[in-house]
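Trainee: Got a structure here, written out as structure tokens. Questions coming.
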């Protein structure tokens with residue numbers, strides 16, 4: 001497999017799709033790393049009610065929106081994606097919290 005091109009170097013849809021597919025693999029690997037932090041949080045937190053932290057959730061989403069704005073990408077879409085990501089992370093952390101205390 002050849003390395004994907006930078007977006008500006010793509011001249012065909014095949015090249016674009018190869019780049020997107022490669023990037024998606026990297027994104028999933030980054031999500032796996034993020035979820036590993038959720039496992040760590042589940043291990044560290046002493047109380048199940050500490051898993052959901054609305055102030056921290058808002059901070060994480062606000063940070064993602066600000067970074068999207070800095071990068072001139074659709075901030076509203078990033079906010080929606082991060083809302084879903086954070087909720088999935090909380091759900092995962094709850095499951096891990098319970099699993100670790102069985």
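Trainee: Considering only residues that are without any contact (Cβ under 8 Å) to a residue 12 or more places away in the chain, under 16 Å from residue 87 (Cβ atoms) and more than 16 Å from the chain's Cα centre (by Cα), which ones fall in the stretch 12-71?
Mentor: Across the stretch 12-71, the qualifying residues are 53, 54, 55.
Trainee: Turning to a different aspect of this structure: Here are some residues: 39, 56, 52, 17. Which one is at pLDDT 95 or above, part of a loop (DSSP other than H, G, I, E, B), surrounded by 10 or more Cβ atoms within 10 Å (Cβ to Cβ) and out of contact with any strand residue (DSSP E or B) (no Cβ under 6 Å at 6 or more places or on another chain)?
Mentor: Values: 39 fails: part of a loop (DSSP other than H, G, I, E, B); 56 fails: part of a loop (DSSP other than H, G, I, E, B); 17 fails: part of a loop (DSSP other than H, G, I, E, B).
Sole residue among the options that is at pLDDT 95 or above, part of a loop (DSSP other than H, G, I, E, B), surrounded by 10 or more Cβ atoms within 10 Å (Cβ to Cβ) and out of contact with any strand residue (DSSP E or B) (no Cβ under 6 Å at 6 or more places or on another chain): 52.
Trainee: Still on this structure: Search the stretch 72-92 for residues being part of a helix (DSSP H, G or I) and more than 14 Å from the chain's Cα centre (by Cα), and hand back the single one that is surrounded by the most Cβ atoms within 10 Å (Cβ to Cβ).
Mentor: Filtering the stretch 72-92 for residues that are part of a helix (DSSP H, G or I) and more than 14 Å from the chain's Cα centre (by Cα), the one surrounded by the most Cβ atoms within 10 Å (Cβ to Cβ) comes out as 75.
Trainee: So which residues in the stretch 3-14 are surrounded by 13 or more Cβ atoms within 10 Å (Cβ to Cβ) and at pLDDT 95 or above? Steps first, please.
Mentor: Of the residues in the stretch 3-14, the ones surrounded by 13 or more Cβ atoms within 10 Å (Cβ to Cβ) are 4-5, 10.
Once the filter is applied, which keeps residues that are surrounded by 13 or more Cβ atoms within 10 Å (Cβ to Cβ) and at pLDDT 95 or above, the stretch 3-14 yields only 10.
The values are calculated or read from the model by the stated rules, or taken from the named source; none is laboratory data. Since this is a predicted model, take the numbers as computed values, not measurements. So basically every Cβ, Gly included, is an ideal-geometry build from the backbone, and we count neighbours across all protein chains shown.
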